[in-house]
Amino acid sequence: MASEVTNIQVTVSRNGPYLVVGDIALATQTVVADSEGGSENWQEGPPMDHPASYALCRCGMSRSKPFCDGSHKTVGFDGTETASRQPYLDQAQALNGPAHTLTDVENLCAFARFCDPNGQVWNQVAESDDPQVRAMFLRQVNQCPSGRLVAWDRATGEPIETGLPVSIGLIEDPVEECSGPLWLRGGIPVVSADGFKYEVRNRVTLCRCGQSKNKPFCDGAHAAVHFRSY
């Protein structure tokens, strides 16, 4: 799904923070809504200062967010990883249209809602031979930060992925009045606390509210608990 970039990595520490190495860029990524409140675009904030290696809060309780301040130790954070370790395609359901296939792993949903406008991508794929619908479909699928949704060219069998810079986004969601997950972009390797290497993907979202039932990945729990990063 993505080429692994060398010398960078995010490691999930046991009941502790995400350990980031490789001087990975860090910036806020804010969901921009249209006039009806639908997710329309992303707005990137200025680069955030950080050392070459740093620790990002995973329990949601740090007073120095997005960085860890050791709060996980005092709150008794249980960061047990429960996510499937199967490759994306082994978990995905596929929906075929005339020009494209849409694959979907629902338990990776980070609730960014780019799938919903213009009649929803699950309906758009059925009309993906229409140029206007196709353009909307591909744009919306590629705006999905978690990689829950992937579009595939049926003629070539290849995924249609928008290239992303190697970086970590701190998602903010003004419509839901909450902060979202960490958005790992551009093929950043993620290693579990026991050393397992998750599949490297172009788009991945990691829980930072501490409440996901699909750790280390986001499951949208931040919206339910109205998590704030500030």
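The values are calculated or read from the model by the stated rules, or taken from the named source; none is laboratory data. Owing to the predicted nature of the structure, the values given are computational and were not obtained by experimental measurement. Because the Cβ atoms are built from the backbone with ideal geometry, glycine has one as well, and the counts that use them run over all protein chains shown.
Results, tabulated for the structure shown:
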quantity	calculated
Subset of the stretch 93-107 [buried (at least 19 other Cβ atoms within 10 Å of the Cβ) and within 18 Å of the chain's Cα centre (by Cα)]	102, 103, 104, 105
Pairs where the first residue, in the stretch 205-230, is surrounded by fewer than 17 Cβ atoms within 10 Å (Cβ to Cβ) and the second is at pLDDT 95 or above and aliphatic (A, V, I, L, M), C-beta under 9 Å, 6+ apart	213/221
Options 17, 51; residue that is more than 19 Å from the chain's Cα centre (by Cα) and either buried (at least 17 other Cβ atoms within 10 Å of the Cβ) or on the phi < 0 side of the Ramachandran plot (or both)	51
For residue 155: the one exception among (1) under 14 Å from the mean Cα position of the chain (by Cα); (2) closer than 24 Å to residue 93 by Cα	(1)
Any hit, the stretch 15-31, residues being under 20 Å from residue 197 (Cβ atoms) and in a helix (DSSP H, G or I)	no
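Residues are listed down the side, and each one gets a yes or a no for (1) at pLDDT 95 or above; (2) in contact with a Phe, Trp or Tyr (Cβ under 7 Å, 6 or more places away or on another chain); (3) more than 30 Å from residue 215 (Cβ to Cβ):
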{"site": "106", "(1), (2), (3)": "yes, no, no"}
{"site": "128", "(1), (2), (3)": "no, yes, yes"}
{"site": "136", "(1), (2), (3)": "yes, no, yes"}
{"site": "153", "(1), (2), (3)": "yes, no, yes"}
